[in-house]
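Below: one structure, written as structure tokens.
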Amino acid sequence: MPRLFKRVTIAGVGLIGGSLALAARAAGLIGEVVGLGRGEDNLCTAQQRGIVDRYSHDPLDAARDADLLLVAVPVGAIADVVRACASALRPGAVVSDVGSVKEVVLRDVEAQLPAGLSFVGAHPIAGIEESGAAHAAADLFRGSRCILTPGRRAGADAVAKVRALWEGVGMRVDQMDAARHDDVLACVSHLPHALAFSAVNALLDADATFADFAGPSFRDLTRVAASSTEMWCDIFLANAAHVDRAITTFVAALEQLRHAIVRGDAAQIKERLERAQAARRQWSAARP
């Protein structure tokens, strides 16, 4: 596959940005990579691991003559990073992100994006609970899905390049509008994280010593509660309306089960469990 971008600036060289750089370099999709960030130790780690060629704390220096700006920072900071870097980018450059929320990002970025630049929102649905360049891995994305949410001013060539970038590192790429993306992710990602954090808090409220007896089910349920609290606070606030609907739907489903348990309604309990079991097994069979 031919090289897609000669110089890439990655703002936020963490798990996702760092993993993309490693994978795209290995596939020959990108040339020079410049890191932009605040944490000296993390940026040093990125350079030592070959994720970036060099790094800077200055947005204009880091973004100078880049033909791709990839913004991998908390969603509330994406528009500010784009604003700080935009004037230094190469004419016709592509701006993209990896955020888990799209409506607010698309609105804020396009409101101040200079003429001649295309914004192509992207969300690679992959990751682990760890963060930082030290945990970046070239195979993080292989076999997972990526959703593109191009802006209204995104040219067809820009969209094609961003699609090719994610496909080139092993992802299956879908495209949808930002509102649909945020509704989907509220149910399949944001809600599970809310449940994980809440399950831990519920245990602490009951009796913290219960954790001594937690088995695989509790550990699996709460694994992502070890994720970045800064990032998830940002996501919940940025996607508040969609997350609210997802939590409301979940609470209604949980209430149905609770009422059946209180009534001693074995038939209703079994119906609810078997409905979920059948769906889960079907999903597992479809995606080993």
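On alpha carbon coordinates alone, what is the Rg over Rh value for the chain, Rh being the Kirkwood radius? Before the final figure, lay out each step's value.
Numbers: Rg = 20.8 Å, Rh = 20.4 Å.
On the Cα set of the chain, Rg over Rh gives 1.02.
Farthest toward the positive end of the dipole of segment 12-136, out of His135, Leu20, Ser56, is the Cα of Leu20, where the dipole comes from beta carbon charges about the Cα centre. Taking the three principal axes of the alpha carbon atoms in segment 126-252, the coordinate ranges are 56, 34, 22 Å, sorted in descending order. Separation of segment 108-157 from segment 170-196 is 13 Å, based on Cα centroids.
A straight Cα-to-Cα reach below 25 Å connects Lys6 with the lysines Lys161, residues fewer than 8 places away in its own chain not being considered. Stretched out straight at 0.36 nm per residue, the stretch from Glu130 to Arg145 would grow longer than its current Cα-Cα span by 3.5 nm. The Stokes-Einstein estimate for segment 53-208, based on a Kirkwood radius over Cα pairs and taken at 4 °C with 1.567 mPa s viscosity, is a diffusion coefficient of 77 µm²/s.
Charged neighbours of Ala62, selected by a Cβ distance under 12 Å, balance to -1 (K, R count +1; D, E count -1).
Rounded to the nearest whole Å³, what is the per residue volume of the convex hull around the Cα atoms of segment 5-78? Kindly include the intermediate steps, with their values, before the conclusion.
On the way: hull volume 5.6 nm³, N = 74.
In segment 5-78, the Cα convex hull volume per residue is 76 Å³.
Along the axis of the charge dipole computed for segment 158-288 (Cβ charges of +1 for Lys and Arg, -1 for Asp and Glu, origin at the Cα centre), the listed residues Leu237, Thr222, Gly264 are led at the positive end by Gly264. Along the Cα-to-C-beta direction of Leu254, a point sits 7 Å from the Cα; which residues of segment 200-220 have their amide N less than 17 Å from that point? Counting only backbone N, you get 200-207, 218-220.
Relative contact order of the chain: 16 percent, from C-alpha pairs under 8 Å at least 6 residues apart in sequence. Rounded to the nearest 20, the Cβ-based charge dipole of segment 162-243 about its Cα centre (Lys and Arg +1, Asp and Glu -1) stands at 240 debye. Candidates Val120, Val33, Gly92 compared by Cα position along the dipole of segment 1-131: farthest toward the positive end lies Gly92, with charges placed on Cβ.
Apply the a/c threshold of 1.5 to the C-alpha gyration tensor of segment 144-190 and tell me whether it is rounded, prolate or oblate. Oblate is the answer for segment 144-190, as a/c is 1.5 or above yet b/c matches or exceeds a/b.
Extent of segment 234-288 along its three principal axes (Cα atoms, max minus min coordinate, largest first): 41, 34, 12 Å.
For the chain, the dipole from Cβ point charges (+1 on Lys and Arg, -1 on Asp and Glu) about the Cα centre works out to 960 debye, to the nearest 20.
We did not get these values from a lab; they are worked out from the coordinates using the rules stated. Quick caveat, the model's predicted, so the values are computed rather than measured. Quick reminder, even Gly has a Cβ in these numbers, built from the backbone with ideal geometry, and neighbours come from all protein chains shown.
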